[in-house]
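Trainee: Got a structure here, written out as structure tokens. Questions coming.
The values are calculated or read from the model by the stated rules, or taken from the named source; none is laboratory data. Remember, predicted model here, so these are calculated numbers, not experimental data. Quick reminder, even Gly has a Cβ in these numbers, built from the backbone with ideal geometry, and neighbours come from all protein chains shown.
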Amino acid sequence: MPDPTVDRFAQCLAPAHWQAVDFISDLHLHSADPETFATLRRYLQAPPAERASALFILGDLFEVWVGDDALGACRAWGAESEKRPQRGQFLPDLPPHSPAMGQEAGKKWTAAAALQPALPKSDRLLEPQPDDAQQPERAFLREAIALLRAHSRHTPTFFLAGNRDFLLGPDALTQAGMTRLSDPTVLHFLGQRWLLSHGDAMCLEDTDYQRFRQEVRSPDWQRAFLARPLAEREALAGDMRARSEARKHALGNDPALWADVDATAARQALQRAGAHTLIHGHTHRPAEHALGFDEHGQALQRVVLSDWDARAHPPRAEVLRLDARGLNRLPLGTMCPA
Ligand SMILES: [Mn+2]
């Protein structure tokens, strides 16, 4: 019997021709870590035979995102790209920067193939700019977006925001050729439903963080934050990052000591979504967790993505690939920057 609550989740329908999809999360890209970026570059530039049919980025692609204007010249984009998709054209379910960002909304049936944004014609805005030497982080973000854009030309690329990059907005998505997904989203692929999430909203034990999350995901907070000068936002992000690092350090810098996804919340979300497998990141604790059985006796599980850090010992960089054979972790050889 169809479950009437299922359609409360955003849905992404894989086109029939898709053979395999890849999931990655928690790369935490920033300019001071060229090694991890080089590893991503090599993955995104893999030869066609090694590619999946689509890439799903499940949050924290960037260490921090303080607003699309960090890419420069945002105000000009409307005029620059006459083919720029209108709101709703590629994202009928979720206007970016809306209250719906990161929240579940109403009925959202969307065929993935129809979601891919039309890329603006010009690459000019992602080219090096005169102040790059003074602004290495902004130059890096432009380079990363340009890399994603080249990849999304041949492989549909979906972006579900994490707690570090939830302010990645419509201009950056358009420039990268990525389609935003709300958190959570149900992916229909291979005759099954797969529940996709960043995972932070289910770490219920960390009540301080949940309070903070609620605040920063509110449209009022986001409007006020984005209205501040870019340099001020960058400085604030730097402070927040330093505080977060200090907190991690105080906790022993061990992901095993951080709050984990709540098993009951995960089980409930799966059952409400009519799915058996939750795929998420955020906790940096790659694993498969059995979550018991649903009322039909089907096994429930959550599969946790690895974070990426090419400078760690040993280096971490991994893609989770889903195809007819099931879910498989593909370790990526890490790369020194070219
Ligand atoms: Mn995260």
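Trainee: Taking the stretch 271-312 as the region of interest, how many residues are among the small types (Gly, Ala, Ser), more than 16 Å from the ligand (Cβ to nearest atom) and either surrounded by 21 or more Cβ atoms within 10 Å (Cβ to Cβ) or part of a loop (DSSP other than H, G, I, E, B) (or both)?
Mentor: Here the count works out to 6.
Trainee: Going through the stretch 237-270 one residue at a time, which ones are crowded, with 19+ Cβ neighbours inside 10 Å and of a type in the set (S, T, N, Q)?
Mentor: None - no residue of the stretch 237-270 is crowded, with 19+ Cβ neighbours inside 10 Å and of a type in the set (S, T, N, Q), so the list stays empty.
Trainee: Let me ask another. Select from the stretch 166-181 the residues that are in contact with a Gly (Cβ under 8 Å, 6 or more places away or on another chain) and either among the β-branched types (Val, Ile, Thr) or surrounded by fewer than 23 Cβ atoms within 10 Å (Cβ to Cβ) (or both) and list them in ascending order.
Mentor: We begin by selecting, within the stretch 166-181, every residue in contact with a Gly (Cβ under 8 Å, 6 or more places away or on another chain); these are 166-167, 169.
Selection gives Phe166, Gly169.
Trainee: Also: Could we say that Arg243 is within 16 Å of the ligand (Cβ to nearest atom) and either at pLDDT 95 or above or polar (S, T, N, Q) (or both) here? Steps first, please.
Mentor: Values: within 16 Å of the ligand (Cβ to nearest atom): yes; either at pLDDT 95 or above or polar (S, T, N, Q) (or both): no.
No, not satisfied.
Trainee: Considering every residue within the stretch 146-157, establish whether at least one is in contact (Cβ under 8 Å) with a residue 40 or more places away in the chain, among the β-branched types (Val, Ile, Thr), away from the ligand (no atom under 16 Å from the Cβ) and in contact with a strand residue (DSSP E or B) (Cβ under 7 Å, 6 or more places away or on another chain).
Mentor: The answer is yes; a qualifying residue exists.
Trainee: Among residues belonging to the stretch 188-210 that are free of Cβ contacts under 8 Å to residues at least 60 places away in the same chain and more than 16 Å from the ligand (Cβ to nearest atom), point out the one that is farthest from Ala324 (Cα to Cα). Reasoning before the result, please.
Mentor: Our first condition is that a residue be free of Cβ contacts under 8 Å to residues at least 60 places away in the same chain; within the stretch 188-210, this holds for 191, 205-210.
With more than 16 Å from the ligand (Cβ to nearest atom) added as a condition, the list becomes 191, 207.
Details: Gly191: 10, Thr207: 39 Å.
Per the criteria, the residue is Thr207.
Trainee: Now for a separate question. Take the residues of the stretch 259-305 that are under 23 Å from Ile24 (Cβ atoms) and of a type in the set (S, T, N, Q): which is modelled with the lowest pLDDT?
Mentor: Thr283
Trainee: Could you list all residues from the stretch 263-302 that are in contact (Cβ under 8 Å) with a residue 60 or more places away in the chain, in contact with a Leu (Cβ under 6 Å, 6 or more places away or on another chain) and not small (Gly, Ala, Ser)?
Mentor: Leu270, His276, Leu278, Ile279, listed by residue number.
Trainee: Taking only the stretch 203-256 into account, find how many residues are of a type in the set (S, T, N, Q) and over 22 Å from the mean Cα position of the chain (by Cα).
Mentor: We begin by selecting, within the stretch 203-256, every residue of a type in the set (S, T, N, Q); these are 207, 210, 214, 218, 222, 244, 253.
Now drop any that are not over 22 Å from the mean Cα position of the chain (by Cα), which leaves 207, 253.
Total satisfying the criteria: 2.
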